[in-house]
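Below is one structure, written out as structure tokens, with a few remarks after it.
The values are calculated or read from the model by the stated rules, or taken from the named source; none is laboratory data. Given the structure is predicted, the values throughout are model-derived calculations rather than measurements. Methodologically, a virtual Cβ is constructed for each residue, glycine included, from the backbone with ideal geometry; neighbour enumeration extends over all protein chains shown. Only protein heavy atoms, including side chains, enter the accessible area calculation; ligands, DNA and RNA are left aside. Shrake-Rupley method; radii C 1.70, N 1.55, O 1.52, S 1.80 Å.
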Amino acid sequence: LVISKARKMEENGTNRVYKVILIGDSGVGKTSLLMRLCKNEFKSSMTATLGVDSHTKTITVDEKPITIQVWDTAGQERFRSIAKSYFRRADGVLLLYDCTYENSFINVRDWMSAVVEGAGRPLPTMLCGNKFDMRETSARYGKKCVSTEQGKKLAASTKSHFIETSAKLGTNVSECLNELAKLLLKAEDDEKRENRNVPSKINKPFQLTGEHPVENTSRTCCS
Ligand SMILES: Nc1nc2c(ncn2[C@@H]2O[C@H](COP(=O)(O)OP(=O)(O)OP(=O)(O)O)[C@@H](O)[C@H]2O)c(=O)[nH]1
């Protein structure tokens, strides 16, 4: 139902629907972040996502409505190939790690490589250190956590944007999507500008003298 609603909006031309893939290790809080974002709710016990789930959210950026369809993927290894099959159609990435669990941070680079491999190009990416609310307590109990500095450094070296969130408390959750929306709009603008700068044979000016380009001969011109 969600997908068909988004598709209908796209078809009507009311608003472009940007597709975002939500990825990261199992248990980092992907579904929780999405639930906080869409329903403003949080559950302390969640069942693991199987396959891919989708939710659509419309936000306002610079007084313009932006509709984002988020595909929530399963972090478990056995579902990875399903998640990867969505990369090619995605416009952007929301990549989560758990800042109280170092392994999930170490695996971020692998997730980024998988995106480039699947999409055929790097996608605008928001790197998000979730479970921010638990970091201080976890560190106090001797758990190796990921600092803000580490997160920022990784984001800078991978040309992604960085934010820390708590799906539990709702901290920075809407900011995360807003930032991602801005990235998507900027990427779209850059792409349009790039396309405008690429000289196209089809758009060659009509020549009055000499040979006419072959592709102009079969086209009808209306004025
Ligand atoms: N304290 C705290 N717990 C969180 C937060 N986000 C998620 N959790 C908990 O972390 C556990 C895993 O959350 P999920 O949202 O299921 O994680 P997931 O990344 O979707 O997991 P998969 O579906 O297996 O890929 C749940 O028990 C959540 O309640 C957070 O910001 N703070």
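Being surrounded by 15 or more Cβ atoms within 10 Å (Cβ to Cβ), at pLDDT below 95 and touching a Gly at 6+ places or on another chain (Cβ under 8 Å) holds for only one residue in Ala83, Ala74, Ala114, Ala119, and it is Ala74. From (1) touching a residue at least 60 places away in the same chain (Cβ under 8 Å); (2) crowded, with 17+ Cβ neighbours inside 10 Å, pick out the condition that doesn't hold for Val61. Of the numbered conditions (1) touching a residue at least 60 places away in the same chain (Cβ under 8 Å); (2) crowded, with 17+ Cβ neighbours inside 10 Å, the odd one out for Val61 is (2). In this entry, Arg36 is excluded by the filter for residues that are away from the ligand (no atom under 16 Å from the Cβ) and either part of a helix (DSSP H, G or I) or farther than 20 Å from Leu184 by Cβ (or both). Filter the stretch 86-106 down to the residues that are assigned to a helix (DSSP H, G or I) and open to solvent by less than 10 Å² (accessible area, probe 1.4 Å) and list them by number. Scanning the stretch 86-106 gives Phe87, Ser104.
Taken over the stretch 128-166, the criterion of being under 21 Å from the mean Cα position of the chain (by Cα), near the ligand (Cβ under 10 Å from one of its atoms) and more than 19 Å from Asn103 (Cβ to Cβ) is satisfied by Ser166 alone. A single member of Arg109, Arg121, Arg78 is part of a helix (DSSP H, G or I), of a type outside the set (A, V, I, L, M, F, W, C) and either within 16 Å of Val20 (Cβ to Cβ) or within 13 Å of the ligand (Cβ to nearest atom) (or both), and it is Arg78. Looking at the stretch 139-147, is at least one residue more than 30 Å from Lys39 (Cβ to Cβ) and among the charged types (D, E, K, R)? Scanning the stretch 139-147, I find at least one residue that is more than 30 Å from Lys39 (Cβ to Cβ) and among the charged types (D, E, K, R), so the answer is yes.
Quick test for you: out of Thr56, Thr67, Thr47, Thr73, pick the one residue that is over 17 Å from Gly170 (Cα atoms), touching a helix residue (DSSP H, G or I) at 6+ places or on another chain (Cβ under 7 Å), hydroxyl-bearing (Ser, Thr, Tyr) and within 10 Å of the ligand (Cβ to nearest atom).
Thr73
Scanning the stretch 103-156 for residues that are within 22 Å of Ser44 (Cβ to Cβ) and touching a Lys or Arg at 6+ places or on another chain (Cβ under 7 Å) yields Asp133, Cys145. Tally the residues that are out of contact with any Phe, Trp or Tyr (no Cβ under 9 Å at 6 or more places or on another chain), surrounded by 21 or more Cβ atoms within 10 Å (Cβ to Cβ) and over 21 Å from Phe87 (Cα atoms), restricting the search to the stretch 124-139. Within the stretch 124-139, residues that are out of contact with any Phe, Trp or Tyr (no Cβ under 9 Å at 6 or more places or on another chain), surrounded by 21 or more Cβ atoms within 10 Å (Cβ to Cβ) and over 21 Å from Phe87 (Cα atoms) number 1. Within the stretch 151-167, one or more residues are open to solvent by 50 Å² or more (accessible area, probe 1.4 Å) and assigned to a strand (DSSP E or B).
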